[in-house]
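Quick notes on the structure that follows.
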Amino acid sequence: MAAIKIKPMRPEDVEQVYLVEEACFSVPWSRENFQNVFRYKANYYLTAWEEETIVGFIGLMAVAGEGDITNVAVLPSHRKQGIGDRLVSAMITLAKEKEISRIMLEVRASNEAAIHLYEKYGFEFLCIRKNYYQKPTEDANIMCWQA
């Protein structure tokens, strides 16, 4: 496996990011959703590269010192290699640099690996959002990180 590099997402990365999203989620964001990320300065997206291929990404939208992690995805073929860990770590570092003091996220209640990863970085369970996810219908755990 080649070394993974974490880089800010660029407009020309949208197609590859969309393909990762599509491979990871039963109800993926559209290409247009990812293109719209660049309309706002307070949207921060990081990509994980293996050579010339994006294998994962993370996104955060920020307003008034608070952020919401919108997406975290790693290609199924590249999971359990620490890529998600590196993406979350890099995003928290970036959030601190941008003076974002609180980050919220939703995660499938059954996604134990992701929940443990978020807890590793200090995210705490807040509440359940019933039937948040579709295909299959599932509750979301709402989690929060504070600087």
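Brief remarks follow.
- The residue list Leu46, Leu87, Leu60 contains one member that is touching a Pro at 6+ places or on another chain (Cβ under 9 Å) and under 23 Å from Phe123 (Cα atoms), which is Leu46.
- Count of residues meeting criterion [modelled with pLDDT of 95 or more and either of a type in the set (A, V, I, L, M) or under 16 Å from Ala2 (Cα atoms) (or both)] in region 64-78: 7
- One residue from Ala73, Ala114, Ala90, Ala62 being small (Gly, Ala, Ser), touching a residue at least 60 places away in the same chain (Cβ under 8 Å) and outside any loop (DSSP other than H, G, I, E, B): Ala90
- Search result, residues across region 1-34 that are in contact with a strand residue (DSSP E or B) (Cβ under 6 Å, 6 or more places away or on another chain) and assigned to a loop (DSSP other than H, G, I, E, B): Ala2, Met9
- Test: residue in region 40-52 that is more than 16 Å from Ala3 (Cβ to Cβ), surrounded by fewer than 15 Cβ atoms within 10 Å (Cβ to Cβ) and touching a Gly at 6+ places or on another chain (Cβ under 9 Å): yes
- Within region 129-143, the only residue that satisfies the criterion of being surrounded by 13 or more Cβ atoms within 10 Å (Cβ to Cβ) and of a type in the set (Val, Ile, Thr) is Ile142.
- Checking the stated criteria, Asp68 turns out not to satisfy the condition of being in contact with a helix residue (DSSP H, G or I) (Cβ under 8 Å, 6 or more places away or on another chain) and closer than 30 Å to Thr137 by Cβ.
The values are calculated or read from the model by the stated rules, or taken from the named source; none is laboratory data. All values reported here derive from a predicted model rather than from experimental measurement. Cβ atoms come from the backbone with ideal geometry, glycine included; neighbour counts cover every protein chain shown.
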